[in-house]
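The structure appears below as structure tokens.
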Amino acid sequence: MSDFWGLYNYWIAIFLMMVGFYNVIARGNLIKKLIGLNIFQTSVFLLYISMGKVEGGSAPIVGAGISSFSNPLPHVLILTAIVVGVATTSVGLALVVRIKEAYGTIEEDELIAQESVTQ
Amino acid sequence: MNSHLPIVPIILPMVAAPLCMLLRRRTFVWGLATAVTWVVFAACAQLLLQVSTSGPIIYTMGGWNAPIGIEYRIDLVNAYILLLVSAIAALVMIYAPQSAARELPPDRHNLFCAAFLLCLTGLLGITITGDAFNVYVFLEISSLASYAIISVGRDPRSLKAAYNYLIMGTIGATFILIAIGLMYMMTGTLNMADLAQRLKEVHDTRTIHVAFAFLSVGLTLKLALFPMHVWLPNAYTYAPSLVTAFVAATSTKVSIYVFLRFVFTIFGADYAFTTIHLNAILVPLALVGIFIASTVAIYQTDLKRLLAYSSIAQIGYIMLGIGMGTVTGLTAGIAHIFNHALIKCALFMVVGCIVLRLDSSRLEDMAGIGRRMPATSFAFVLGGLALIGVPFTVGFISKWYLLLGALERDWWPVAALVLLSSLLAAVYIWRFVEVAYFRPAPDDATPISAPPLSMQIPLWLLLAATLFFGVQTDLTAGIAQRAALWLLAGGP
């Protein structure tokens, strides 16, 4: 049982991941899909960050009396991944703006309806 | 200078991309981009030459040795893919200006070139790097740039295609990120060579099984294996022709390379095929993909879309070869990466030529095109024959090895299915032949001039290559076989 709760950080990450993933699949609004995608990516960031934590360890700073510290590498990796996430969101939002200009809507079902009318 | 050669293919397009953005004159922009791709191509050719004579090259970034620094590790497999990607980019760049003048918004050429070069940077970076996390970063660089260059097509549906590709591509990339995280969790390293060493000790843990699952799903999404291919047809159809020619020939191929790299050199063929039974998933999916995608291709009314579905089928052949897990199967897979890239790039270039003159890629508009654009139509037929796998073309070489591989493992039904599926390819190529040569041109048809030389030269060079490598197999099948042996031996 302690194993089950001792790994609560992973449960949180997986829960958020599923929330995001569900939103990407189930929502018809293009912006809401992007928000879902964002939550999905952020959950992976949490997975990485909590992975680097060493129990009882301090921040990874050189100083007197510090013997055990958290692993800084996953944190640094996630800085890069956050930048990637921001870039993805901005490209996605830019595309949504262009879709709105071209079609006048950002609802997926209306976009599909327009398509079948034109064909 | 020579010791810094491995960094040239990455740094050059990356620096040239913002420069392109600053330039205003269209000729300068295309001139700079073309010059850059050709220098990159020369560097990659030199790298392949060095690797094949004197073995793998290791380049430490900034002088920091692995595992602290990021290292670039070039061996036969990725040198081969580097050469392929840079060659396609260099040819597409010659082809591009005329086609772009027709299909791109006139004031966006500098931005387009910048995104194109970034996409190239990403693709080459994925291939060259020896660091697992670096793969993810470069993967996102190339994907983000490709969403941008796909979305500039004239048809507004290109926007929706790019959006869908963005959603699926990001899910795929995030899955890969999760897998890399789990692998790091168990081994404490991101360096591929170290990962390969240390994963052996923790093979049996559930974390590594999960990592493998995330990795394979993420990568198959990126490389568009059936049934994860849904982003591909629209993206290829509505993107500008030159983008389709480039992306179809490179981006899925690079993803297949990453798949090979992770499955064979990091996890090891033993783990993938005897512990996980990867072939039990890959082979059926590949076969189903070949048949469904080829059948769907037959019913398309748009030539670009037809070729897009054909791409999904061809990726099925590549994955079938890889799924066999034998030297011959793997040789077929690796050879077909190269061969299919040549053929598909040439075919999409033909479509670009037709779009340039007819302003449409719909089959019904192409009635009688065989007499109105004889050379271009003949080029399509030639490429189509290679796609079907007629002897003396490259397509035959890969199909031959694929059949040998299937027979070696006594998979008679698979061999029969591969032959049968070639018939489907013949049918969808025939669709074009029938429209182009056997239907009369519309009465009001005006004479069409041949496409400009700058578009024809790269096209015919590619077709000449498909014929040349169909006879002279040392370079493609020979290197593919050496690479296959090397991968199955578990790399370094």
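Quick rundown of the values:
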{"item": "Listed residue (B:Thr376, B:Gly478, B:Phe468) projecting farthest to the positive dipole end of the range B:277-492, Cβ model", "result": "B:Gly478"}
{"item": "Chain A: projected area of the alpha-carbon convex hull, averaged over directions, in nm²", "result": "10.1"}
{"item": "Cα centroid separation, the range B:431-446 to the range B:78-141 (Å)", "result": "36"}
{"item": "Residues B:Phe262, B:Phe273 arranged by fewest to most Cβ contacts within 10 Å", "result": "B:Phe273, B:Phe262"}
{"item": "For the range B:277-492, the spread of Cα positions along each principal axis, largest first, Å", "result": "61, 31, 24"}
{"item": "Least to most buried among B:His4, B:His340 (fewest other Cβ within 10 Å first)", "result": "B:His4, B:His340"}
{"item": "³J(HN,Hα) computed for each position of the range B:365-381 - Karplus, 6.51 cos²θ - 1.76 cosθ + 1.60, integer Hz, glycine/proline x", "result": "7, 9, 4, x, 5, x, 9, 7, 10, x, 5, 5, 5, 4, 4, 5, 4"}
{"item": "Principal axis dimensions, largest first and in whole angstrom, of chain B by Cα", "result": "73, 57, 41"}
{"item": "Partnerless Cys - chain B, beta-carbon criterion under 4.7 Å", "result": "B:Cys44, B:Cys119, B:Cys345, B:Cys353"}
{"item": "Cα→Cβ-extended label distance, 7 Å offset, between A:Ala87 and B:Asp410, nm", "result": "5.1"}
{"item": "A:Ile35 versus B:Ile298: modelled label distance in nm, points set 7 Å from Cα along the beta carbon direction", "result": "4.7"}
{"item": "Only Lys, Arg (+1) and Asp, Glu (-1) charged, at Cβ; the range B:277-492 dipole about Cα centre in debye", "result": "120"}
{"item": "Debye, to nearest 20: dipole size of chain B, +1 on Lys, Arg Cβ, -1 on Asp, Glu Cβ", "result": "700"}
{"item": "Shape call, the range B:141-281: gyration tensor on alpha carbons, a/c limit 1.5", "result": "prolate"}
{"item": "Spatial separation of Cα centroids for the range B:451-492 and the range B:263-294, in angstrom", "result": "24"}
{"item": "Anisotropy class of the range B:28-88 from Cα gyration tensor, a/c 1.5 cut", "result": "oblate"}
{"item": "Between the range B:6-72 and the range B:199-230, the alpha-carbon center distance in angstrom", "result": "30"}
{"item": "Within the protein assembly as shown: Cβ-based charge dipole about Cα centre, in debye rounded to nearest 20 (Lys, Arg +1; Asp, Glu -1)", "result": "780"}
{"item": "Exposure proxy ranking, count of Cβ atoms within 10 Å, fewest first, for B:Arg305, B:Arg261, B:Arg206", "result": "B:Arg206, B:Arg305, B:Arg261"}
{"item": "Kirkwood Rh in Å, taken over the protein assembly as shown so that all alpha-carbon pairs contribute", "result": "24.8"}
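Bear in mind these aren't lab numbers, they're just calculated from the coordinates by the rules spelled out. What you see is a predicted model, and the numbers here were worked out from it, not measured in a lab. Counting neighbours? That spans all protein chains shown, and the Cβs are built from the backbone with ideal geometry, glycine included.
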